[in-house]
Amino acid sequence: MYDVIVIGGGHAGIEASLVAAKLNKNTLLITGKIEMIGNLPCNPSIGGPAKGIVVREIDALGGEMGKNADRSYLQMKMLNLSKGPAVRALRAQVDKVIYPKNIQKKLLKQNNLAVKEGYIDRLIVENNQVKGVVLEDDSKIVAKAVILCTGTYMQSNILVSDSVTNGGPEGERSSIGLSNNLRELGFKTFRLKTGTPPRIKKDTVDYHTVSLQPGDDIQRSFSFAEIEPMIKVEQQISCYLTYTNLKTHQIIADNLNKSSMYSGQVKGVGPRYCPSIEDKIVRFNDRERHQLFLEPESLYLDTIYLAGFSSSMPHQIQEQMVNSIEGLNNAVIDKYAYAIEYDAIDPTQLHKTLETKLISGLYTAGQVNGTSGYEEAACQGLIASINACLKLDHKEPLILGRNEAYIGVLIDDLVTKGTQEPYRLLTSRAEFRLLLRHDNADSRLLKKGYQIGLIEEKQYFLFLDKEKKIQTEIARLKKIKIYNTKTINEQLVKICSTPLKDCVYAYDLLKRPEINYNQIKKLLNEENYFEKEISDQIEIEIKYKGYIDKAIERSDKMAKLEKLLIPANIDYRDIHNLALEAKEKLTKIRPVNIGQVMRISGITPADVSVLMIYVKGLKNERDV
């Protein structure tokens, strides 16, 4: 018997299986092909707006994605540097060959973890408790907990024009029996759609007519641990920028009925924030051009990924579309674009632990829950596995709040609001995004990772030392005065800052937007002996303290509502004056507290007031 079975070797399955094994659970990972574990079927990149912060959060909790991205990247870039710290995030272009090889090696060497090739036909369920799985060859494997990480493989179809082929990403076969089995068990499923753009042969691109997009000129990393990168900063591989044009748009418009999406072949809903090029032309028909990025796939492949050009047009039309673009007039397509349609489950059928409400011990994570993206999948695999292990050990679950992590925002959105389209994390989804920054992911979450048992003691003590340095330096700057001398004022003028009329504390001077921490050190005739991450965090904590304090105040108010718990066995039909729609939605979602109730769409302030009075009345009865 296994403690935990993980189904699927994508990014959710990787994190789930590693977590369970590290927490000393006898773990089995079942996947279609071992050589496809960690595959990057779409864009070979990790991170981006909001997503890059999620990778940092995964690392702070003891996950693997950030470390593997650091080992495998071709280019690393900090996005939105000219904007505030709340929206800054790392993005790495990773090697499509090396990234999965590294992760496969890690999994196959991991203690307490077995990896088996196979396809699941159905779950073994007794008295609403999962007991294991049955493979397609009818062999049974027993387990105490099962984590479904099936990605885009359930009942998946590949679509190109009017052609529909049963299959999964990269030409792999789809999972056939599991969707039907889940529906038989009472789960509501729905169809989603995503897609991928064509891959272009490198040597057929005219690089003189496209814009160079290099990586950053300093060493950056997702992981808080020290990881040796695959290449040096100066060896990074550049991306390139080009655009569609009116000719491209005309070719698409003339052939729109040949696209799978517009010919009626697609039944599922596609991603709003990552639409196909056909969808962009229709939805934004006033635009004369759309950005396209040429991104390297691997040092070992002669292909480039054409980001922003997802399509399901016939191959011949794809060629015309590509050859109409500046820099790609003579480009040769190595692999054509396609759309993929698959089954997902309604995520409102999940607890915040990612355990299903219908079946105890069954957890789901990743694109099967209606999300898009490698990062969203990985963080769900991590949380689902942590909670499966904590439950097996009879411990309290790990539930991250919306004020603690983007992971908490994602899971709360899924289980509270559900989704009808592939869900993508955005900074705008987080009301406390100034608290959920790239620079402070370890301050928010590393202690939790250590307490769970996924962060080693050495790393934890290094983190405590870093925190101490930051707070000590902030306290010191509050005490040090900078005087209005001629020399000081001359230096301030040089950096376009107003001269001092009186002396000022270094802490207050650093609040000026045009002054950074390094300049403060120069004004003090001191050398900056801190690493960049520490000095950046010192600067952010001081410059944005007023905004951070307001965000914390709003967060505390929300936390009070989160503490107003709702009894698990409450019958909403018994509550008078509660609207019928509210009764239906509350019965479906089963919120655990009043804060969650307020985020359910369709629930009015009047409904919240009625429910609060009712819950407080129940509490008073119990107290009596």
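Kindly provide the set of residues from segment 352-373 that are under 19 Å from the mean Cα position of the chain (by Cα), open to solvent by 10 Å² or more (accessible area, probe 1.4 Å) and not charged (D, E, K, R), ordered by number.
Hits for segment 352-373 are 353, 367, 372, 373.
Hey, can you tell me all the residues within segment 138-155 that are closer than 29 Å to residue 126 by Cβ and of a type in the set (S, T, N, Q)?
Across segment 138-155, the qualifying residues are 139, 150, 155.
How many residues does segment 528-565 hold that are in contact (Cβ under 8 Å) with a residue 60 or more places away in the chain, charged (D, E, K, R), out of contact with any Asp or Glu (no Cβ under 9 Å at 6 or more places or on another chain) and open to solvent by 80 Å² or more (accessible area, probe 1.4 Å)?
1
Tell me, which strands (runs of 3 or more DSSP E) wholly within segment 113-208 include 3 or more residues that are β-branched (Val, Ile, Thr)?
120-126, 129-135, 140-148, 189-196
Consider residue 23 carefully, then state whether it is closer than 25 Å to residue 387 by Cβ, open to solvent by 20 Å² or more (accessible area, probe 1.4 Å) and out of contact with any Ser or Thr (no Cβ under 7 Å at 6 or more places or on another chain).
Criteria met by residue 23.
Considering (1) open to solvent by 30 Å² or more (accessible area, probe 1.4 Å); (2) closer than 23 Å to residue 555 by Cβ; (3) touching a helix residue (DSSP H, G or I) at 6+ places or on another chain (Cβ under 8 Å); (4) not in a loop (DSSP other than H, G, I, E, B), say which one residue 583 fails and leave the rest.
Result: residue 583 passes all but (2).
Under the condition of being assigned to a loop (DSSP other than H, G, I, E, B) and in contact with a helix residue (DSSP H, G or I) (Cβ under 8 Å, 6 or more places away or on another chain), which residue from segment 586-599 is least open to solvent (accessible area, probe 1.4 Å)?
Taking the candidates together, the pick is 591.
Taking segment 291-343 as the search range and keeping residues that are crowded, with 21+ Cβ neighbours inside 10 Å, polar (S, T, N, Q) and over 23 Å from the mean Cα position of the chain (by Cα), which one is nearest to residue 275 (Cα to Cα)?
Filtering segment 291-343 for residues that are crowded, with 21+ Cβ neighbours inside 10 Å, polar (S, T, N, Q) and over 23 Å from the mean Cα position of the chain (by Cα), the one nearest to residue 275 (Cα to Cα) comes out as 311.
All but one of (1) part of a helix (DSSP H, G or I); (2) farther than 23 Å from residue 94 by Cβ hold for residue 435, so report the exception by its number.
With respect to (1) part of a helix (DSSP H, G or I); (2) farther than 23 Å from residue 94 by Cβ, residue 435 is out only on (1).
Give the number of residues within segment 204-230 that are of a type in the set (A, V, I, L, M, F, W, C), open to solvent by 50 Å² or more (accessible area, probe 1.4 Å) and either over 25 Å from the mean Cα position of the chain (by Cα) or closer than 22 Å to residue 466 by Cβ (or both).
2
Kindly list, by first and then second residue, each pair from a residue in segment 316-343 that is free of Cβ contacts under 8 Å to residues at least 24 places away in the same chain to a residue that is outside any loop (DSSP other than H, G, I, E, B), limited to pairs with Cβ atoms under 8 Å and residues at least 6 apart or on different chains.
Going by the 8 Å Cβ cut-off, the qualifying pairs are 319/333.
Could you please find all residues in segment 70-83 being in contact (Cβ under 8 Å) with a residue 24 or more places away in the chain and open to solvent by 30 Å² or more (accessible area, probe 1.4 Å)?
Residues satisfying the conditions are 71, 77, 79, 80.
I'd like to verify a number: residues in segment 367-398 that are farther than 17 Å from residue 417 by Cα and not in a helix (DSSP H, G or I), how many?
7
Contact list please: Cβ distance under 6 Å, first residue in segment 5-20 and within 15 Å of residue 35 (Cβ to Cβ), second residue among the aliphatic types (A, V, I, L, M), pairs at least six apart or on different chains.
The qualifying pairs are 9/37; 13/6; 14/103.
The values are calculated or read from the model by the stated rules, or taken from the named source; none is laboratory data. Note that this is a predicted model, so its numbers are computed, not measured. Counting neighbours? That spans all protein chains shown, and the Cβs are built from the backbone with ideal geometry, glycine included. Please note that ligands, DNA and RNA were not included when accessible areas were found on the heavy atoms of the full protein model with its side chains. Shrake-Rupley method; radii C 1.70, N 1.55, O 1.52, S 1.80 Å.
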